[in-house]
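The values are calculated or read from the model by the stated rules, or taken from the named source; none is laboratory data. Only a predicted model underlies this, so the values are computations on that prediction, with no experimental measurement involved. Note: ideal-geometry Cβ built from the backbone for every residue, glycine included; neighbour counts use all protein chains shown. Heads up: the accessible areas ignore ligands, DNA and RNA and are worked out on the full protein's heavy atoms, side chains in. Shrake-Rupley method; radii C 1.70, N 1.55, O 1.52, S 1.80 Å.
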Amino acid sequence: MAGWWSSSQRHESDPSKDGEQPKAPRNEGVDSGAMVITGNELSLTTNAARGSGSRTNAGYGDDGRYDYRAKYKELERKERESRSRYERQLAEKDRRLQDMRSRQQAMAQEDRKAREALNSEIQQLKYELRQTRAQLSRHSQENMMYKDEIRRAETQNEETKRRLEEKANELKGAQAFLKHANMLSGADVISLIDRLNSEVYQGAASMVDTVEFEGASRRMDDAAWKRATSATSKTIGGELTQALIAQRGKDKDDYDPILLQYALQTCLIFCCFKICISWAPEEENSQFLRNVYSEIQKKEDQVVAGRWRALTRAHIRETRNPEAETKQIIRELRAVLTVAGCSDEELSTEFEKDLLEIATLAIRVQTAIGESITSMDLEPYILPPGIPFDAALMEEEGGSREQGKKTVGCTGLGLAQLVNGDRTILVRAKVLLDSAL
């Protein structure tokens, strides 16, 4: 064993000089010895210890001889233990190595299976992709065919739609003349007339309370005076104009506001009457259309004539402007106030909104009688001054029938119904009698 020499090896490794015996190596207080192992036999050689030392050290027997057998057994036991531990370690390492190899093999097998599955899936996807592309190609061809069919169908539909529109327009034109239903009733129009008369009365009363009487102190040139008197002669009549001129020369204490109110009412009613019966903004065009309608009434039934009137009025209605009509009303009222010797600045500042409402309401009456009723003709009317009082046509506004025999002005619109030449009064016109002056 390592660490132990045989006696022959020791002599060969360390020869003595001049025949001297070789010396044993010194150890601190312990005699060194040599052990020769041949098979199962042991040869022991012991050298005496040098110096002072105890023979009772470990490994020595009672007789002072070193116990090599016990040491050998101890060494054998340690060697067995070391070998056992080493074998256990080797076995553990071998087991771990086997486990690692098993895991590697399992992982390699799983990886191989995964690659095989992935390859299989890739092949399946490639196959499905080819199938999808083939389907897309077929669908694309089908879509092109469908698009061609849709274009042909759209072309046919457009042609059909065009023909239907032509037929619908023809039918619409025919229905326009065959339609019998009225959009409004006679009672609706009567309500509009009453409302318009009420607005005129209230507007005239408000203006009388607001304007200031200046009398003869209001100066103007001859041309302006002639224009004013000429305008009032048309709107309120000559008798009312002369009455206003006569009052103009009076003092403020003798001023009668009721006379001015009658004049303003008469002027407003005259302006509203012109709006209600007009066919077009220009009087010449309006008169031409009225004449044409009269000829149609003579030759056609009321249904055809009424529908022609409604269509004509509907197309002309867009040219009607309430603001323009309001400005015309203000011009006529300003002439009346000038003749009466009153201020007129308030018309454009305080009463323009009220006058616009009156003009708009008059246009509504014009639309109602011109477009909304076709089975009959409804006509607003006023009565000229100077005619005898007729209770069937008129209603007195001022004065009394016993005292007055003639009219001076018209202060409220009347409404008549015409059916096949027969005339029926629905609303009597309000008139001012000469007894009121």
- Query: Taking the condition in contact (Cβ under 8 Å) with a residue 60 or more places away in the chain and in a helix (DSSP H, G or I), does D148 pass?
  - Reply: no
- Message: Take the residues in segment 273-292 that are under 22 Å from A335 (Cα atoms) and outside any helix (DSSP H, G or I); name whichever of them is most open to solvent (accessible area, probe 1.4 Å).
- Response: E282
- Test: residue in segment 380-397 that is at pLDDT 90 or above, out of contact with any strand residue (DSSP E or B) (no Cβ under 7 Å at 6 or more places or on another chain) and under 18 Å from T266 (Cα atoms): yes
- Exactly one of E166, E170, E158 is acidic (D, E), open to solvent by less than 100 Å² (accessible area, probe 1.4 Å) and either assigned to a helix (DSSP H, G or I) or under 30 Å from G306 (Cβ atoms) (or both), and that residue is E166
- Considering segment 224-249 alone, what residues qualify as being hydroxyl-bearing (S, T, Y) and exposed (fewer than 14 other Cβ atoms within 10 Å of the Cβ)? S230
- Message: Any residue that is closer than 25 Å to G414 by Cβ, in contact with a Ser or Thr (Cβ under 6 Å, 6 or more places away or on another chain) and at pLDDT 90 or above - is there at least one of those in segment 241-248?
- Response: yes
- Message: Between a residue in segment 394-422 that is part of a loop (DSSP other than H, G, I, E, B) and open to solvent by 50 Å² or more (accessible area, probe 1.4 Å) and any residue that is at pLDDT 75 or above and among the acidic types (D, E), which pairs come within a Cβ distance under 9 Å, given they are 6 or more apart or on different chains?
- Response: Q403/D434; K405/D434
- Task: Using the structure shown, decide if T326 is crowded, with 18+ Cβ neighbours inside 10 Å and at pLDDT 90 or above.
- Result: yes
- The residue that is nearest to E332 (Cα to Cα), considering only those in segment 224-239 that are of a type in the set (G, A, S) and assigned to a helix (DSSP H, G or I), is A231
- For segment 329-362 the number of residues that are more than 18 Å from A263 (Cα to Cα), open to solvent by 20 Å² or more (accessible area, probe 1.4 Å) and not acidic (D, E) is 5
- Item | Among residues of segment 200-223, those that are open to solvent by 30 Å² or more (accessible area, probe 1.4 Å) and part of a helix (DSSP H, G or I), counted | 9
- Query: Among the residues of segment 306-323 satisfying the criterion of being more than 39 Å from the chain's Cα centre (by Cα) and open to solvent by less than 10 Å² (accessible area, probe 1.4 Å), which is nearest to L259 (Cα to Cα)?
  - Reply: R309
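Condition check ((1) on the phi > 0 side of the Ramachandran plot; (2) among the charged types (D, E, K, R); (3) open to solvent by less than 100 Å² (accessible area, probe 1.4 Å)) across all residues:
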| position | (1), (2), (3) |
| --- | --- |
| K73 | no, yes, no |
| S84 | no, no, yes |
| R103 | no, yes, no |
| D111 | no, yes, yes |
| Q131 | no, no, yes |
| N143 | no, no, yes |
- Query: For segment 91-101, how many residues meet the condition of being hydrophobic (A, V, I, L, M, F, W, C) and open to solvent by less than 80 Å² (accessible area, probe 1.4 Å)?
  - Reply: 2
- Message: Restricting to segment 258-272, give me the number of residues that are surrounded by fewer than 23 Cβ atoms within 10 Å (Cβ to Cβ) and touching a strand residue (DSSP E or B) at 6+ places or on another chain (Cβ under 6 Å).
- Response: 0
- Message: For the structure I just gave you, tell me whether E295 is open to solvent by 60 Å² or more (accessible area, probe 1.4 Å), within 18 Å of E379 (Cβ to Cβ), of a type outside the set (S, T, N, Q) and without any contact (Cβ under 8 Å) to a residue 40 or more places away in the chain.
- Response: yes
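Yes or no, residue by residue, for (1) hydrophobic (A, V, I, L, M, F, W, C); (2) assigned to a helix (DSSP H, G or I); (3) modelled with pLDDT of 90 or more:
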{"position": "R55", "(1), (2), (3)": "no, no, no"}
{"position": "G64", "(1), (2), (3)": "no, no, no"}
{"position": "A70", "(1), (2), (3)": "yes, yes, no"}
{"position": "D111", "(1), (2), (3)": "no, yes, no"}
